[in-house]
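Everything below concerns the one structure shown next.
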Amino acid sequence: MQIAHITLLHGYNYGGLLQAYATQQILRAAGHEVLTLDYHPSKWMILLRKLTFNIPILHRSLGFLLDRMRFSGAKEFNAFRKKHFRFSASCHSPAQLSAACRGYNAVVVGSDQVWSPIWLRAPYFLDFDLEPGCKRFSLAACCGVISEDPSYLAYVAKTIARFDAISVRNDFTAELVSRTTGRSATIICDPTLAVDIPTEPVPGISGPYILVYLINRSESLSMATAAIRHLKAVTGLPVFSIPPAELKGANQLGADRCISDISPSQWTHLVANASYLITDSFHGSMFAAKHHRNFVVPDSGHKVLGRIHSLLSKLQLEHFFLYDSSQLPVMDTLYPTTDWSAVDSRISDMRDNYLAFVASLDKV
């Protein structure tokens, strides 16, 4: 089957790009030919493409310069995309997306928060014309947060009802599909649990260390800072911080080193080899569990988003949530009690369910 794939992959988010990589790797391993649709949802990027008449050498060069000013790791992300993806021509309109999908048997959307009400984008609901017989599928799609906005729910009902097969990443997205369309969605794991991800060492970093990867600091900063101080005092290990693109500084976190110019493969290596990880990231938590890392999710006031709660509940790793400072001394005794063989068994079952859903697409 020839499949066109659309997902979140143009931001500078490690988990976002790695889930895109994992999805197309799984589809290829299943024998499908995969084309990644080069759609960038950013309004300024769409404007830039129009101003440069969609000439790739112009808009990509200018876009890279603007991104490089904001995030020092832009070069590494772009190199990863170039190495691992086969892209369509640049698309910034429904007509261009339709043209890019011409001749394909199916269009797949997912994984990650493609159905988010916060940044609703029609292409992620496959809301553009397709040739007769071209099927619409979702792979581990997620709505990110629960919304009761009537206009959003009506749009979901209209668009997702046209899908030929629906899979989602968690229970609350499945409930959204059921409530709006009356259809049942298959719940499968994030694709990065179902495939091996390339890793690459970071020059100059070796030995044990505490790793910090926070992406929602306004909610988790105070509890994360307390956890950092506790673990550093108990272990004496250096603290390395990987800030997201929009948060470069590490001063508030008390990190010994701030690392921002790394590739997604290097990010994976750092997580997989950390002695301790402090994160409020969905993919940070998932990679830590996958590699049997000691990790903690700071969750002051139970405000961490539901997708992380859903993940750790399925893996039975809820004890890695840190709700208040009284838990800090307990962290030292929790980690040795984790039954990683049981976690591996759950991950194996989740992987099998994902691959089974992909195998079923040939029969739709």
Worksheet item: Do the conditions hold for A224, that is, is it among the small types (G, A, S), in a helix (DSSP H, G or I), free of Cβ contacts under 8 Å to residues at least 40 places away in the same chain and under 22 Å from G16 (Cβ atoms)?
Response: no
Worksheet item: Going through the range 159-192 one residue at a time, which ones are more than 23 Å from the chain's Cα centre (by Cα) and touching a residue at least 24 places away in the same chain (Cβ under 8 Å)?
Response: R162, D164, R179, T180, T181
Item to complete: Please enumerate the residues belonging to the range 311-325 that are in contact with a helix residue (DSSP H, G or I) (Cβ under 8 Å, 6 or more places away or on another chain) and modelled with pLDDT of 90 or more.
Response: L311, L312, K314, L315, Q316, L317
Discussion item. Pairs please, first residue from the range 337-364 and without any contact (Cβ under 8 Å) to a residue 40 or more places away in the chain, second anywhere and assigned to a helix (DSSP H, G or I), Cβ atoms under 6 Å, 6+ apart in sequence or on different chains.
Written reply: R346/L315
Worksheet entry | Filter pass, L48 being at pLDDT 95 or above, of a type in the set (A, V, I, L, M, F, W, C), crowded, with 16+ Cβ neighbours inside 10 Å and in a helix (DSSP H, G or I) | no
Discussion item. Given the condition over 18 Å from the mean Cα position of the chain (by Cα), at pLDDT below 90 and either not hydrophobic (A, V, I, L, M, F, W, C) or not assigned by TED's automatic domain parsing to the domain that holds G73 (or both), answer yes or no: does some residue in the range 267-281 qualify?
Written reply: no
Practice prompt. Please work out if A255 is aliphatic (A, V, I, L, M), over 22 Å from I188 (Cα atoms), assigned to a loop (DSSP other than H, G, I, E, B) and modelled with pLDDT of 90 or more.
Written response: no
Fill in: Pairs, first closer than 18 Å to Q316 by Cα and polar (S, T, N, Q) in the range 271-288, second in a strand (DSSP E or B) and modelled with pLDDT under 95, C-beta under 7 Å, six or more apart
T279/Y213; T279/F295; T279/V297; S281/Y213; S285/T279; S285/F295; S285/V297
Discussion item. Can you tell me which of (1) outside any helix (DSSP H, G or I); (2) in contact (Cβ under 8 Å) with a residue 60 or more places away in the chain is the one F295 doesn't meet?
Written reply: (2)
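The values are calculated or read from the model by the stated rules, or taken from the named source; none is laboratory data. Keep in mind that what you see is a predicted model, and the values were worked out from it rather than measured. We place every Cβ from the backbone using ideal geometry, glycine too, and count neighbours over all the protein chains shown.
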